[in-house]
Amino acid sequence: MFTFIYNVMKTNNTQILGIAAGIIKDSGLAALSIQKLAEKLGVNRKELDSHFLEEDNDIILIILLAFENDLILLIRKIKNRHTTPEAELKLFFKGLYSLFLQKTHYLSILFDKNLRQRNNEIKKAIRRIKSLSVKYLTDLIEEGKDTNTFKTPLSSRFLAHSILASFRSIMNDEQRMNEMIIELKNIENQNIKNEV
C-alpha cells in the first residue's frame, strides 16, 4: 500500500523529503511533525492529509521508503560494475557511508530510540531494509567463497550480520556526532533569542 502512496506522491516527495530532512538536520527527529512540515511548505495541514500524510509516522515511512530505494539503486549500480566480490564489498560500504553523509536524516531515523514503538508499516520497512542488506552481503560473501576470494569457514549469513553490526556501530558514532551538533545549534539559537 505505501509503495503505491510513495509512487503517487513522487512529484511532491522530493520537496517533502527535502523539507523533512532539513527539519531533522536543524532540529532533530523529535521536531519532525506534519504541522511543522506544513508550516515549512507554506500549506495547510489538511492539504498534507490529501497527500496521505495523516500522522507523523507517515513522514518517517516516506523517508524510509526513499532510503530503501537509494539502497536498491546503490546495489544495482555496484552490481553493474561487474567487479570482484572484494571490490564490490568495499564499494558497497563506501557507497553506504557516502549516502549517510549526504543524507544524515536517514541515520536519525535508523537510530531513533522510539523506532520499535512506531507503527507496523515502519517496522515492516525496517525489516525489508535489513533483509535486503543481509541478503546482498550473504550472496556477495558466498560468491567470494566460491572464487576463493574469501577463505573462511564461518557462515556467510553470520558474517553478513557481523559486518553490518560493525558498520552500524560506526554509523551510531556518526549519528551521535550529528545529534551533538544539533544540540549545540539549539543552545546557540536559544542564547541568541535570550540576548534579544
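A few remarks follow.
- Residues of region 16-38 classified as at pLDDT 85 or above and among the polar types (S, T, N, Q), total: 2
- Checked against the criterion of being surrounded by fewer than 17 Cβ atoms within 10 Å (Cβ to Cβ) and under 16 Å from Phe167 (Cβ atoms), region 101-111 has at least one qualifying residue.
- Positions within region 39-52 being of a type outside the set (Lys, Arg) and either modelled with pLDDT under 85 or part of a loop (DSSP other than H, G, I, E, B) (or both), in sequence order: Leu41, Gly42, Val43, Asn44, Glu47, Leu48, Asp49, Ser50, His51, Phe52
- Elements of the type helices (runs of 4 or more DSSP H) sitting completely within region 54-128 and holding at least 3 residues that are modelled with pLDDT of 90 or more and farther than 17 Å from Ile141 by Cα: these cover 56-79, 85-102.
- A single entry from Leu37, Leu73, Leu53, Leu89 fulfils the requirement of being of a type in the set (A, V, I, L, M, F, W, C), open to solvent by less than 80 Å² (accessible area, probe 1.4 Å) and closer than 25 Å to Ser131 by Cβ: Leu89.
- Summed over region 74-96, the residues that are in contact (Cβ under 8 Å) with a residue 40 or more places away in the chain and either over 16 Å from Thr149 (Cα atoms) or among the polar types (S, T, N, Q) (or both) give a count of 5.
The values are calculated or read from the model by the stated rules, or taken from the named source; none is laboratory data. Bear in mind the structure is a predicted one, so any value in this text is a computation, not a measurement. Note that we place each Cβ from the backbone using ideal geometry, even for glycine, and neighbour counts take in every protein chain shown. In case anyone asks, the SASA skips ligands and DNA or RNA and just uses the protein heavy atoms, side chains included. Shrake-Rupley method; radii C 1.70, N 1.55, O 1.52, S 1.80 Å.
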